[in-house]
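Taking it in order: structure first as structure tokens, then the write-up.
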Amino acid sequence: MPRMVELEVDGQTYKVEPAEAALKEAGKQGLEPWGEALAVVGSAVPRRRGAEHVTGQARYSSDVQLPGMLHARLLLSPHAHARVRRIDASRALALPGVRAVLTCLNTDAAWDEERRLFDHTLRYAGQEVAAVAAADEEAAEEALELVDVEYEVLPAVLDPQAALMADAPQVRGEGNLYGGKPQVYRRGDVQRGLASAEVVHTQVYRTSIQHHACLEVHGCVASWDAAGLTVWDSTQGVHLVREELASRLKVPATKVRVVAEQTGGGFGSKNGIGPYHLVAVLLARQTGRPVRLFMPRAQEFIASHHRPATQHELTGGVMRDGRLMALVHRIIGQAGAYAENAELAAGAYGATAELYRCPNVLMEAWIVHTHTQSPGACRGPVGTEVHLALEQFIDELAEQLAMDPLAFRVRNYVRADQTRRRPYSSKALDRCYEAGARGLGWRWPQDPGHGRVRRGLGMSSIIWHGVQSEPSQAVATLYADGSLQLTLGLALIGTGSETALVQVAAEELGVSPDQVSLIIGDTRGTPYSIDSSYGSRTLALVGPAVRAAAAEVKRQLLARVARGLGAEPEALRLEAGQIVVRARLEPPMSVAEACRQFVSAPLMATGRRSRNPRGYAHESFGAHFVEVEVDTETGAVRVLRAICAHDSGRIINRLLAESQVQGGFVQASGPALCEEPWLDPATGLQLNANLHDYAVPTALDVPDEVQALLIELPDLGNSIGAKGLGEPPHVGAGAAIANAVAHALGLRIREYPLTRARVLEALRSAREAPGAREGQASHEGI
Amino acid sequence: MKAFELVSPRSVGDAVALLAGKPGAGVLAGGTDLLGLQKDRVQGPSLPLPGVLVNLKRVPALRGIVKEGERIVLGALTTLSQLADDPLLRSRFTAVAEAAAEVGSPQLRNMGTLGGHLCQRPRCAYFRHRQFVCLKKGGDRCHAAEGEHRYYHAIFRGGPCHMVHPSDLAPALQAFDATVRVAGPPGERELPLARFFRHPEEDPLREVALDPGELVTAVLLPEPPPGTCSAFTKARVRQGWQFALASVAVAITLEQGECRQARVILGGVAPTPYRAAGAETVLEGVQPDERVLARAADAAVEAARPLRDNAYKIDLTRGLVRQALGRALGVPPGQVGLAGPWSGDV
Ligand SMILES: Cc1cc2nc3c(=O)[nH]c(=O)nc-3n(C[C@H](O)[C@H](O)[C@H](O)COP(=O)(O)OP(=O)(O)OC[C@H]3O[C@@H](n4cnc5c(N)ncnc54)[C@H](O)[C@@H]3O)c2cc1C
């Protein structure tokens, strides 16, 4: 049993394990937390092989071409709800070049407990109806048009509100509310809290669907040979894909190899397998040929799933002095047609329960089935939606009190996790507020101006769950010439974490990052570093394993050197890349020299991540501050500046960290301002399933300034002191923008994105509202 | 993409002969629109996918910007980048150069040609979606009327098909009274740009008045009267790579401070470029000041009949008209408290 000590936070006493105790367990000799003066960690090392990406030389799985390879295409349901009455593939099979057609008639492989890979009943527009493999893409495409399907179109319900009506068509035959009841989080007594509050306020917010819009579409190349199955996949995690394929196909994991040299974007959408993996694998097995199945862009919008549309009703009770007494948050999320991923539709957890000191909280997540594709994880899943609503509502509560929204947040600051009753392993949100406010020049009250163009400032807090204890392994091999090889079982998803991991190893071993090479992106021969890179975990999860591996080869090296020199191992130190022997006259020696002199066979070690110290909650924090300009005549919103302050623990690579923040902010500004699917209200078909009409921000939409302020407070939770940074910048950006727009206009639009259409409509209703004075409509619902 | 036969004539005559000899053949210029339609298999009972494409890119006579008497001739193969960068257009036909510069993205402007631009197909998502057989493909209804129509559908003169003409250049060219030159089996003909575009009431299947076998060879611009200034403004969903939610081209001829002739042409709001005659009437014969501009902007949208979800385009268009007029007349943007008639910001 670990030794626990008492820690007092905000007047409460918690029992925690001293962080050093957990670190001591790591590796053979234990690890000290890093100090301040580090050589490689923290510096802006350019991304490894970055040049290959920008010059088009990087090889993705979608570039893989194999001899004799066939090309597959999927036929997707054009109806939201239908039964396949008849399906005839004979005309398609007769087309020259066509090798196989899979349909519900000849394939009864299951997808999951609920449905077959090709089912007779189709419950969303986009569900798989058939698949074709042919000698080239054109023939496959042509063949799809020759698969004759007769559908019996059934009544469908596309909207979650409608799906909750008593007479709504049943999606899964057990009522359309997932689990039969809402998911609930409760703390204290909200009725009492609201009754005691001096001001009570309620608002409703709606967020829209967001697609990942990965540049590399979803897909894989599957090939069987005597050794088993090899899949070149566009994925966030080779090991998770291997596990899932092996278990689906009932073959040993060792017979499945998954390769992903580079992945062209995932954002949560490429964890594990989708139906298309199984289709490619089955077609490859049936035809005895390698099969390539990558989505055409229009189908990519189905394959990736999406961030769901949500509705939020928030009620808050506050005292005049700014104390938050109660929060009630009811979320309706759209689960799609199946149970898979339903819990990504909405959840009764996260920011509302954690971000502010509040004794009474009730969260309810109503997860509703509709005849639509199910949601998927999308950069900051659930949390992004919750922040969009909550962080605007917090602003509105502050407005009710005529209080500076930043001061209101500070008033309700909290240092411990109220949901799990644990102190945070680190929390520098207060410093984020300070730095961000200073960086932007936060002022209150604001003066949006009176002309055609108004300006507004807005801000938002961010909380994002960090890495809890999970195992991770890394292998380090030090060669006689002083070069170090890291072998890691993870995929390169574009964040550059591999560069940061190399820095961790280089730091520990006292070598330059150029001396380190990587074997990565392949299940063959790599340790299980991570199942898949989701949840902003890769660096904070794998980094400590890498450090442990490097520390262990360092120990082995020093032992060799000590033996060679006839010194005690304890007398040797590795400092600033030089091995020094205490109390002896030998000149300091670099690691490379030491290897050449004392290492014959390579030194090798597997590093394991130590567990997190017990008793803490691990979270990343941040605060975004933005300035926007709104043209009240044409409804155009432009983000002028964004100051993004983040508490993500120790920053391993400044350049990559800043890029994550900028990318996250820009990606989130899409669904805040311009990006949304157009769904045909009659059929549920997406009308703009292309990268032209589905308007993700372009280079011209990026604000002139997106500044990352990285507040470095090394975290106690792991040996490298890092917390996650992949998702947090995406989580808070939308609410900060929306708050700034509301302050610029003096009225609030509670539906996203804030398109010109919505801005102009809101301004018109404010003008036409009886007794409305422009710019004074802040408490009016629109 | 479905395979097709590509033929590359070297002269306008050969091109016309080839088109006449291969009914259903398509005309290929930069291919930025046409190849997208082929790849997406946009087809229907009255819209077969062409199996033969007649490539115009090898016809030298269609290239270039030249003077022909009192008129400027813009060859059909002139790229949008060339139009945007041409010094003469930039100084004398500012709205045209500005409109060209607002099209899509640099890549598109380098590939896209003037002829192809005027003959591009609408951006209505139902028209371009495989699963919908709309009026334009030979179907029996306009799905946008009751469906999704917030962005690229009409607020003026919509119906039976509610698409809008997507071109940015068309309103600007029309503001300068441009003429289109067409070659066909009987020879050459010219027609005013305003009559080149066809309303769906006449024929929902085609947006332009080209007979089978005809192609556009040039667009001609007459010298504008002295004292003419112009501007083009456009609003879109995001800053780049997007069609107009609404656009406005204005050309104003001033004589001693008084507006002698006004052209206010709206894009992206009607099935053809829409001439806001009411706004022109307000402007003509008076000294344009802030109040006149606001009245002209109101008059421009007077006849609007929006669909269920696109009424915001009325406000948008009004704002763009005022901003375009202000820009053309050289009112400094955002200026407040300026001496003279301009007291507000434009
Ligand atoms: C992603 C994207 C964004 C765009 N954004 C904008 C925008 O913001 N604003 C805007 O106005 N436009 C925009 N466009 C449209 C663009 O301007 C046109 O695609 C382009 O100008 C067409 O020129 P092209 O030479 O490539 O034509 P092609 O694609 O070769 O041809 C287009 C059509 O015209 C016909 N055609 C071509 N030349 C002739 C001729 N000489 N005579 C008769 N018929 C002919 C073809 O048969 C075809 O039907 C965009 C297009 C795309 C693909």
Which of the three applies to chain A, rounded, prolate or oblate, going by the alpha-carbon gyration tensor with a ≥ b ≥ c and a/c under 1.5 meaning rounded? oblate
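Are there any helices in chain A, counted as whole DSSP H runs, that stretch 30 Å or more along their axis by Cα and score at least -1.0 on average by Kyte-Doolittle, and if so which? Could the numbers behind the result be given before it?
Details: long enough: A:538-565 (39 Å, 0.65).
TM-like helix candidates: A:538-565.
With the convex hull built on the Cα atoms of region A:618-720, state its orientation-averaged projected area in nm².
Numbers: hull surface 37.7 nm².
With the hull built on Cα positions only, its mean projection is 9.4 nm².
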Other protein chain Cβ atoms within 10 Å, averaged over every residue that makes up B:140-152: 3
Obtain the nm distance between the two label points defined at A:A559 and A:V184 by a simple spin-label model: each point lies 7 Å from its Cα along the Cα-to-C-beta direction. 5.8
Ranked highest first by average number of other Cβ atoms within 10 Å, how do B:36-47, A:611-622, B:270-281 line up? A:611-622, B:270-281, B:36-47
On average, how many beta carbons from a partner chain sit within 10 Å of the beta carbon of a residue in A:684-692? 5
Sorted by chain and number, the residues with a modelled amide H under 5 Å from that of A:T698, at a separation of 5 or more or across chains, are B:Q239, B:G240
Cα-based Rg / Dmax (Å) for region B:228-329: 13.2, 45
If I take every Cα pair under 8 Å that is 6 or more residues apart in chain B, average their sequence separation and divide by the length, what percent do I get for the relative contact order? 16
Using only the Cα atoms, what convex hull volume per residue in Å³ does region A:117-262 have? 252
Taking a probe of 1.4 angstrom, what is the accessible area of A:D63 in Å², to the nearest 10? 70
Would you mind checking which residues have amide H under 5 Å from A:V98's amide H? H placed 1.01 Å from N; only 5 or more apart, or other chain. A:A135
Determine how large the accessible area of A:D159 is when every protein chain is in place; take a 1.4 Å probe and give Å² rounded to the nearest 10. 70
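Write out the GluC sites (Glu not before Pro) in region A:131-192 meeting two conditions: DSSP loop, and at most 13 other Cβ atoms within 10 Å of their Cβ. Walk me through the numbers on the way to the answer.
On the way: sites: A:E137, A:E138, A:E141, A:E142, A:E145, A:E150, A:E152, A:E174; in loops: A:E174.
Loop-located and lightly packed - A:E174.
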As a check on your grasp of the helix formula, calculate [θ] at 222 nm for chain A: sum -39500 (n - 2.57) over DSSP H runs of n ≥ 4, divide by the residue count, round to the nearest 500. -8000 deg cm²/dmol
Kirkwood Rh, region A:545-683, all Cα pairs: how many Å? 20.8
Residues of chain A: accessible area per residue at 1.4 Å, in Å²? 37
For region B:9-161: rounded, prolate or oblate by the Cα gyration tensor [a/c cutoff 1.5]: oblate
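Order the peptides B:316-326, A:470-480, A:690-700 from the highest to the lowest mean number of other Cβ atoms within 10 Å of their residues. Spell out each step's value before the answer.
On the way: B:316-326: 26.8, A:470-480: 21.5, A:690-700: 17.5.
In decreasing order of mean packing, B:316-326, A:470-480, A:690-700 become B:316-326, A:470-480, A:690-700.
How large a share of the accessible area of region B:241-300, in percent, is made up of carbon and sulfur atoms when the probe is 1.4 Å and the other protein chains stay in place? Please list the in-between numbers first.
Values: 940 of 2090 Å².
Result for region B:241-300: 45 percent of the exposed heavy-atom area is carbon or sulfur.
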Ordered by residue, what ³J(HN,Hα) values in Hz, to whole numbers, does region A:94-105 give under the Karplus form 6.51 cos²θ - 1.76 cosθ + 1.60, where θ = phi - 60° and Gly and Pro are x? 6, 5, x, x, 7, 10, 7, 10, 9, 9, 5, 7
Expressed in angstrom and ordered largest first, the alpha-carbon extents of chain B along the principal axes are 65, 50, 33
What fraction of the Cα pairs in region A:6-141, stated in percent, has a spacing above 17 angstrom? 77
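Please list A:W232, A:W444 in order of solvent-accessible area, largest first, computed with a 1.4 Å probe with all protein chains present.
Working: A:W232 55, A:W444 85 Å².
So the residues, ranked largest to smallest area, are A:W444, A:W232.
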Quick one: which residues, 5 or more positions from A:G494 or on another chain, have an amide H under 5 Å from its amide H? H modelled 1.01 Å from N in the peptide plane, none for Pro or chain starts. A:T263
Under a Gaussian network model of chain B whose springs join Cα atoms within less than 10 Å, the largest fluctuation of B:E284, B:E201, B:E102 belongs to B:E201
Classified through the alpha carbon gyration tensor (a ≥ b ≥ c as square roots of its eigenvalues; rounded if a/c is under 1.5, else prolate when a/b is larger than b/c, else oblate), region A:233-316 comes out prolate
May I ask you to evaluate 6.51 cos²θ - 1.76 cosθ + 1.60, the Karplus curve with θ = phi - 60°, for each residue of region A:510-517 and list the ³J(HN,Hα) values in order in whole Hz, giving x for glycine and proline? x, 10, 8, x, 5, 7, 9, 10
Please report, in debye to the nearest 20, how large the charge dipole of chain A is about its Cα centre when each Lys and Arg carries +1 at its beta carbon and each Asp and Glu carries -1 there. 1660
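Just to be sure I understand: if you take the accessible area of chain B alone plus chain A alone and subtract the pair, with a 1.4 Å probe, what total do you get in Å², rounded to 100? It would help to have the intermediate numbers written out before the result.
Numbers: alone 15010 and 30180 Å², together 41950 Å².
Using a 1.4 Å probe, the pair buries roughly 3200 Å².
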Dimensionless Rg over Rh [region A:345-440; C-alpha; Kirkwood]: 1.01
With the alpha-carbon atoms as the only input, what is the per residue convex hull volume for region A:567-614 in Å³? 135
Helix-only estimate, please: 222 nm mean residue ellipticity of chain B, summing -39500 (n - 2.57) across DSSP H runs of length 4 or more and dividing by its residues, to the nearest 500. -7500 deg cm²/dmol
Note to self: C-alpha centroids of region A:629-678 and region B:200-227 sit apart, in Å, by 43
If the limit is 21 Å between Cα atoms, which of A:K24/A:K554; B:K39/B:K137; A:K427/A:K554 go over it? A:K427/A:K554
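Which peptide among A:527-533, A:756-762 comes first, and what is the full order, when sorted by highest mean count of other Cβ atoms within 10 Å? Working shown, then result.
On the way: A:527-533: 24.9, A:756-762: 23.1.
Going by the mean number of other Cβ atoms within 10 Å, highest first, we get A:527-533, A:756-762.
Give the relative contact order (percent, whole number) for region B:228-329; include only Cα pairs under 8 Å separated by 6+ residues.
29
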Mean separation of Cα pairs under 8 Å and 6+ residues apart, divided by the residue count of chain A: what relative contact order is that in percent? 16
Tell me, what is the per residue accessible area of region B:228-329 in Å², probe radius 1.4 Å? 33
Averaged over A:442-451, number of beta-carbon atoms from partner chains that fall within 10 Å: 1
Which whole-Hz ³J(HN,Hα) couplings does region A:122-128 yield from phi under the Karplus relation 6.51 cos²θ - 1.76 cosθ + 1.60, θ = phi - 60°, glycine and proline marked x? 10, 10, 7, 5, x, 5, 5
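The values are calculated or read from the model by the stated rules, or taken from the named source; none is laboratory data. In this text the structure is predicted, and so the values were computed from the model without any measurement. So basically every Cβ, Gly included, is an ideal-geometry build from the backbone, and we count neighbours across all protein chains shown. Only protein heavy atoms, including side chains, enter the accessible area calculation; ligands, DNA and RNA are left aside. Shrake-Rupley method; radii C 1.70, N 1.55, O 1.52, S 1.80 Å.
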